[in-house]
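S.K.: Once you've had a glance at the structure underneath, I'll fire off some questions.
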């Protein structure tokens, strides 16, 4: 049995507890939250004890997931990493790159597994699309959502766009050589809508838009490469691919929708984390990958301000 604790059981952390409690081979030891009544409610539903302080879990668990506000990620996660305990930290991995480096360094020093909660990488449509994407030349991504009641302490780049920046880094696998970005504060002191145009050393260009003030929800990515077009609908977990096939003197276009077995991405992410702990392999999204996504998001935010 892998003994796991959940630190922070708010909007997202409560689902960590729900899913971990249902995964075979996992014992949900307990939950911790600054709101004790909320922690008691979650523990009552899914099992485990309630802990007043995260440190109380140190001697009781093999792994923890951290879903507290971003500003507290380092203070909460660092003691577990320093104790060699596997830790999954929700995105963004830290408030700044320097803090992310502290987490990565601690994990490397003690050998602790460090994973980052970039859930979109575990979306079944994304997982099935990745092997189909090769040397894309142009990428267009839209992530539009309605106004939230959470994550208003960070701007839309670190709240939403960072998912897509992480995906871009994993797909293109090339350095970003230039960035153009614009953001607008509409309902909060932070940017609520942003657009970034990224040029990679490979020649690929990505146009990424993120908004948390849309009237409708849109989460789509389109990849254009020399021989194919791949389209992902994150929300619907739908995938399409079209290829140019040579057929005599005139090429023809073949393709269409590809079957995707729908699953809850967060469940896939947590199952991957637990399996990585059990088998001592690298997680699907490492702490270093989370750090690199944060570094790119920071560059976009800085360009947006100039």
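S.K.: Here is a list: 162, 213. Which entry is crowded, with 21+ Cβ neighbours inside 10 Å and in contact with a helix residue (DSSP H, G or I) (Cβ under 9 Å, 6 or more places away or on another chain)? If you could, list the steps in order and put the result at the bottom.
M.R.: Details: 213 fails: crowded, with 21+ Cβ neighbours inside 10 Å.
Only one candidate qualifies: 162.
S.K.: Separate question: Kindly indicate which of 250, 243 is modelled with pLDDT under 95 and part of a loop (DSSP other than H, G, I, E, B). If you could, list the steps in order and put the result at the bottom.
M.R.: Numbers: 243 fails: part of a loop (DSSP other than H, G, I, E, B).
Criteria check complete, one pass: 250.
S.K.: Another question, then. Where residues in the range 28-50 are surrounded by fewer than 18 Cβ atoms within 10 Å (Cβ to Cβ) and touching a strand residue (DSSP E or B) at 6+ places or on another chain (Cβ under 8 Å), which of them is nearest to residue 70 (Cα to Cα)?
M.R.: So in the range 28-50, the residues surrounded by fewer than 18 Cβ atoms within 10 Å (Cβ to Cβ) come out as 34-38, 40-41, 44-45, 47, 49.
Cutting the leftovers down to touching a strand residue (DSSP E or B) at 6+ places or on another chain (Cβ under 8 Å) gives us 36, 40, 47, 49.
Numbers: 36: 19, 40: 23, 47: 26, 49: 24 Å.
Going through the qualifying residues, I end up with 36.
S.K.: Also, I was wondering about something else. I'd like the residue in the range 109-141 that is without any contact (Cβ under 8 Å) to a residue 60 or more places away in the chain and part of a loop (DSSP other than H, G, I, E, B) and, out of all such residues, is surrounded by the fewest Cβ atoms within 10 Å (Cβ to Cβ). Steps first, answer last, please.
M.R.: Within the range 109-141, the subset without any contact (Cβ under 8 Å) to a residue 60 or more places away in the chain is 109-112, 130-131.
Remaining after also requiring part of a loop (DSSP other than H, G, I, E, B): 111-112.
Numbers: 111: 9, 112: 20.
Per the criteria, the residue is 111.
S.K.: Being in contact with a helix residue (DSSP H, G or I) (Cβ under 7 Å, 6 or more places away or on another chain) and over 27 Å from residue 233 (Cβ atoms) is the filter here, so list the residues in the range 245-300 that pass it.
M.R.: 282, 287, 288, 291, 295, 298 - these are the residues of the range 245-300 that are in contact with a helix residue (DSSP H, G or I) (Cβ under 7 Å, 6 or more places away or on another chain) and over 27 Å from residue 233 (Cβ atoms).
S.K.: Still on this structure: Check residue 106 against each of (1) surrounded by 22 or more Cβ atoms within 10 Å (Cβ to Cβ); (2) within 21 Å of residue 281 (Cβ to Cβ); (3) touching a residue at least 60 places away in the same chain (Cβ under 8 Å) and name the one condition it does not meet.
M.R.: Result: residue 106 passes all but (3).
S.K.: How many residues does the range 157-213 contain that are free of Cβ contacts under 8 Å to residues at least 24 places away in the same chain and assigned to a strand (DSSP E or B)?
M.R.: Selection size over the range 157-213: 5.
S.K.: Quickly run through the range 131-154 and pick out the residues that are modelled with pLDDT of 80 or more and in contact with a helix residue (DSSP H, G or I) (Cβ under 7 Å, 6 or more places away or on another chain).
M.R.: Listed by number, the residues that qualify are 133, 136, 139, 141, 143, 145.
S.K.: Across the range 55-71, what is the number of residues that are closer than 22 Å to residue 286 by Cβ and without any contact (Cβ under 8 Å) to a residue 60 or more places away in the chain?
M.R.: Number satisfying all stated conditions: 2.
The values are calculated or read from the model by the stated rules, or taken from the named source; none is laboratory data. Since this is a predicted model, take the numbers as computed values, not measurements. Cβ sites come from the backbone with ideal geometry, for glycine too, and all protein chains shown count toward neighbours.
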